[in-house]
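**Q** What follows is a single structure, and I will ask about it in a moment.
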Amino acid sequence: MSTASEFLWYIPNQVVAGHRGEPVAADHNSLDTLTSHAQALERHGWKGALIGTGWGRPDTFTVATALAARTTTFEPLIAIRPGYWRPAHFASSAATLDHLSGGRVRVNIVSGLDDLAAYGDSEGDQAHRYGRTREFMRLVRRLWTEEEVTFAGEHFQVAKSTVLPRIPVRGERRHPRLYFGGASDAAERVSATEADVQLFWGEPLEGVKGRIDRLRALSRDLDRDLPPLQFGLRITTLVRDTTEQAWSDAEAKVAEMAKTHGAGWHDHRRAVAVGQQRLLDLAARGDVLDDNLYTAPGRFGGGGAGTTWLVGSAEDVARSLRKYRDLGITHFVLSDTPYLREIERQGRQLLPLLRD
């Protein structure tokens, strides 16, 4: 696998304990506990971790800042929402954290539905939502790379705006990467023109290939003026010493989910987005697709990255991830629970196979 591939994990950002099968503990979201995850990621070869967002969770940017201060190489992939943030305010905050952390900030732009009224936001229809996201991403990038920026859009305006501290160019990195998800036509048009990395959920290889082909064509058709769009995969990886043990544990987890109707597996309640519906529909095609893509969790309450799992020995899962890499995926955001144990296990068993 190419050395250009990057491997990140997921750090839960939850008020309520027991996320996706994580053992319930009173200090599950304390700074010491979350720091132990981030420091374990550093020790076991991971680049960093996605930290999720949503109203009703701890503030993602604050969590990322605290973890960056307690680590040396850990790179937080900070999920944020236009509307929760104004572009210039966010650009300044991210530039400051990037400066203080030595260039370790990554950003995941989220446009899915949320409890907007709770934090004083409002949105119109899908076209309005993604139009605002497009403006947000374009303006933030300009604020990071230009000075005296003046912009008057439909949703945001700034006049003679210069963000300090300035973000220095570090090799090919001109600013923090902007990751983006979404499977609707409107979302893909935003990604094709404004994102640095498009994140996919765990779809079968054929579906991911089709989406990569479509996004590359859209980038050409919409006259993308940025470096080529890169692609990432966010998926659960259930790895055990043997194939048989992995499937036994996977089936036991799903049986437990069936008893509780998936309690604790959804990050937060929201309408089913296009990308999520694509994952849920996979279960109708069979419990196992491709070599080892397990769709049964989606039938019992798994949501987002918990909807489909790659299951098997480290060799099985590495083989599947290499097939995604062959399609053009270079950014991998993996996870399984218990999070800390799996950071260590998959860091020891899985990552070395992916770096050969």
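The values are calculated or read from the model by the stated rules, or taken from the named source; none is laboratory data. The model shown is predicted, which means the values in this text are computed figures rather than measured ones. Cβ atoms come from the backbone with ideal geometry, glycine included; neighbour counts cover every protein chain shown. The protein model used for the area step is the full one, side chains on, heavy atoms only, and it has no ligands, DNA or RNA in it. Shrake-Rupley method; radii C 1.70, N 1.55, O 1.52, S 1.80 Å.
**Q** Amide H of TRP55 versus every other amide H placed in the peptide plane: which residues, excluding those fewer than 5 positions away on the same chain, fall under 5 Å?
**A** Sorted by chain and number, the residues that satisfy this are ASP115.
**Q** Hull surface divided by four, with the convex hull built on the Cα atoms of the stretch 245-356: how many nm²?
**A** Across all orientations, the stretch 245-356 yields a mean hull projection of 7.5 nm².
**Q** So, in nm, how far is label GLN245 from label THR72 when the simple model puts each one 7 Å beyond its Cα toward the Cβ?
**A** For the pair GLN245/THR72, the computed spacing is 3.2 nm.
**Q** Taking only DSSP H segments of four or more residues, each worth -39500 (n - 2.57), what value at 222 nm results for the chain once the sum is divided by all its residues, to the nearest 500 deg cm²/dmol?
**A** Values: 11 runs with 141 residues, N = 356.
The per-residue figure over the chain is -12500 deg cm²/dmol.
**Q** Using the C-alpha atoms of the stretch 204-250, what convex hull volume per residue, in cubic angstrom, is computed?
**A** Details: hull volume 4.3 nm³, N = 47.
Roughly 91 Å³ of hull volume per residue.
**Q** Quick query: amide H of GLU6 versus all other amide H atoms, modeled in the peptide plane; which residues come in under 5 Å with a sequence gap of 5 or more or a different chain?
**A** HIS331, PHE332
**Q** For the stretch 224-239, in order, what is each residue's ³J(HN,Hα) by Karplus, 6.51 cos²θ - 1.76 cosθ + 1.60 with θ = phi - 60°, in whole Hz (x at glycine and Pro)?
**A** After applying 6.51 cos²θ - 1.76 cosθ + 1.60, I find 3, 10, 10, x, x, 4, 9, 10, x, 10, 10, 8, 7, 10, 9, 10 Hz.
**Q** Here's a follow-up. Could you give the length gained by full extension between ASP225 and GLN126, i.e. 0.36 nm per residue of separation minus their alpha carbon distance, to one decimal place? The partial results should precede the final answer.
**A** Values: separation 99, 0.36 × 99 = 35.64 nm, distance 2.41 nm.
Gain in length upon complete extension: 33.2 nm.
**Q** Another one. Quick check on the stretch 24-111: take the gyration tensor over C-alpha atoms, sort the square-rooted eigenvalues as a ≥ b ≥ c, and tell me if it's rounded (a/c under 1.5), prolate or oblate. Show your work: numbers first, answer last.
**A** Details: a/c = 2.02, a/b = 1.27, b/c = 1.59.
Taking the square roots of the gyration eigenvalues as a ≥ b ≥ c, the stretch 24-111 is oblate.
**Q** Could you calculate the contour length gain from ASP32 to ALA17, that is, 0.36 nm times the residue separation minus the distance between their Cα atoms, to one decimal place in nm?
**A** On the way: separation 15, 0.36 × 15 = 5.40 nm, distance 1.51 nm.
Extra length available between ASP32 and ALA17 comes to 3.9 nm.
**Q** Per-residue counts of other Cβ atoms within 10 Å, averaged by peptide: what ranking do you get for 39-46, 134-141, highest first?
**A** Numbers: 39-46: 18.1, 134-141: 22.6.
My ranking of the peptides, most packed first, is 134-141, 39-46.
**Q** Once neighbouring chains are kept in place and the probe is 1.4 Å, which whole percent of the accessible area of the stretch 99-226 is contributed by carbon and sulfur? Present the calculation step by step, with values, prior to reporting the outcome.
**A** Values: 2830 of 5910 Å².
Ligands and nucleic acids excluded, carbon and sulfur reach 48 percent.
**Q** Can you give me the relative contact order of the chain as a percent, contacts being Cα pairs under 8 Å and 6 or more apart?
**A** Values: 642 pairs, mean separation 69.6, N = 356.
Computed value for the chain: 20 percent relative contact order.
**Q** Follow-up question, since we're still on this one. Tell me, what is the per residue accessible area of the chain in Å², probe radius 1.4 Å? It would help to have the intermediate numbers written out before the result.
**A** On the way: 14960 Å² over 356 residues.
Per residue, the chain has an accessible area of 42 Å².
**Q** Normalised by the empirical 2.2 N^0.38 Å for globular proteins, what value does the Cα Rg of the chain take?
**A** Relative to the 2.2 N^0.38 Å estimate, the chain comes out at 0.95.
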